[in-house]
Amino acid sequence: MVDWKLIWDARASSSNPFETMGRSDNSIFDFLVLMDDIQRKFGGIFQNDQMLEIGCGIGCIASYYSPWVARISCIDNSDAMVSRAKMNLKSFLNVNCYNDSIPKLSKTLGQSTRFSKIIVGSVLQYLNSFDEVIETISNLSLVSQSSCKILFTMNPDLSLKDEYMKSYKTLNLDSDRLQKSLEIENSRLWIDFSQIEMIAEQSGFTHLQKLPVNSAFWQSNHMFDFILAK
Ligand SMILES: C[S@@+](CC[C@H](N)C(=O)[O-])C[C@H]1O[C@@H](n2cnc3c(N)ncnc32)[C@H](O)[C@@H]1O
């Protein structure tokens, strides 16, 4: 099994900020496309928004949205990411960065802030089981305002998994590399959207929409975004 925590701890020290996000092939323009895509999917981001960003890495996304919202809490389960994020974000006075993780959200649940916008940016795929997705959504319901929107980006789509895995065979990788790549892909949590549909309402969300990953990103061929609202 792949140890994702170890991988993200190691990536935290990269000098390429996009590599720390798992987007080493991205340019600054790709990053700006992502920021625009997120705000469009939310239907706008506003000066009175209380934002929570989960999987904040070294703080790139929080630094972008900081001027546009009232306050951002940004969390990551990697100490190495959080300590770099704290350094990077020290001049952004409305950002509060700390170590916390899904599915438990222990520290965030213990605070009084309730959020109006929550970004879960390419994180569900590192959970261990669908039960942890259920626990995540249930805990997010507890920390969200009644008008909250929650955007989950880049989730591996179980319905596209077989085809995507087969595509590795066309890459002419040597057998070690092929095996390693398939192991990594199999270690992600591939998500069946119909299961999300079944649990969203039970957690108090009345609105759920599956959305395509922006076609600017190669992950659009096997991942999806979704948005939840109360
Ligand atoms: C693929 S990167 C995503 C970075 C950024 N959110 C984005 O969308 O580009 C995943 C990040 O989530 C963090 N992470 C992984 N599992 C987590 C968990 N259970 N709780 C909180 N953060 C987690 C990793 O440390 C890493 O910084």
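Each reported figure results from applying straightforward, stated rules to the coordinates on display, with no laboratory input. Note that this is a predicted model, so its numbers are computed, not measured. As a convention, Cβ positions derive from the backbone with ideal geometry for all residues, glycine included, and neighbour counts pool all protein chains shown.
Only one of the numbered conditions (1) without any contact (Cβ under 8 Å) to a residue 24 or more places away in the chain; (2) farther than 24 Å from D225 by Cα; (3) away from the ligand (no atom under 13 Å from the Cβ) is violated by R40, and that is (2). Of I28, I54, I58, all but one fail to be exposed (fewer than 12 other Cβ atoms within 10 Å of the Cβ), within 14 Å of the ligand (Cβ to nearest atom) and not acidic (D, E); the exception is I28. Count of segment 87-132 residues, restricted to those that are without any contact (Cβ under 8 Å) to a residue 60 or more places away in the chain, assigned to a helix (DSSP H, G or I) and touching a Leu at 6+ places or on another chain (Cβ under 9 Å), is 3.
Going by the structure shown, is D9 under 14 Å from the mean Cα position of the chain (by Cα) and more than 24 Å from N139 (Cα to Cα)? Answer is no for this residue. In segment 141-164, the qualifying residues are those that are out of contact with any Phe, Trp or Tyr (no Cβ under 7 Å at 6 or more places or on another chain) and within 11 Å of the ligand (Cβ to nearest atom), and the one that is nearest to E183 (Cα to Cα) is M154.
Within segment 1-13, if we keep just the residues that are part of a loop (DSSP other than H, G, I, E, B) and more than 9 Å from the ligand (Cβ to nearest atom), the residue that is surrounded by the most Cβ atoms within 10 Å (Cβ to Cβ) turns out to be V2.
Within segment 14-64, the set of residues being part of a helix (DSSP H, G or I) and either touching a strand residue (DSSP E or B) at 6+ places or on another chain (Cβ under 6 Å) or of a type in the set (V, I, T) (or both) comprises T20, I28, V33, I38, K41, F42, I61, A62.
Scanning segment 99-140 for residues that are touching a Ser or Thr at 6+ places or on another chain (Cβ under 6 Å) and of a type in the set (V, I, T), we see that the one that is farthest from the ligand (Cβ to nearest atom) is I137.
Of all residues in segment 61-87, those satisfying the criterion of being polar (S, T, N, Q), crowded, with 18+ Cβ neighbours inside 10 Å and more than 10 Å from the ligand (Cβ to nearest atom) are S63, S66, S73. Residues that are crowded, with 18+ Cβ neighbours inside 10 Å and of a type in the set (V, I, T) were ranked within segment 176-230; the one that is nearest to T136 (Cα to Cα) is I196.
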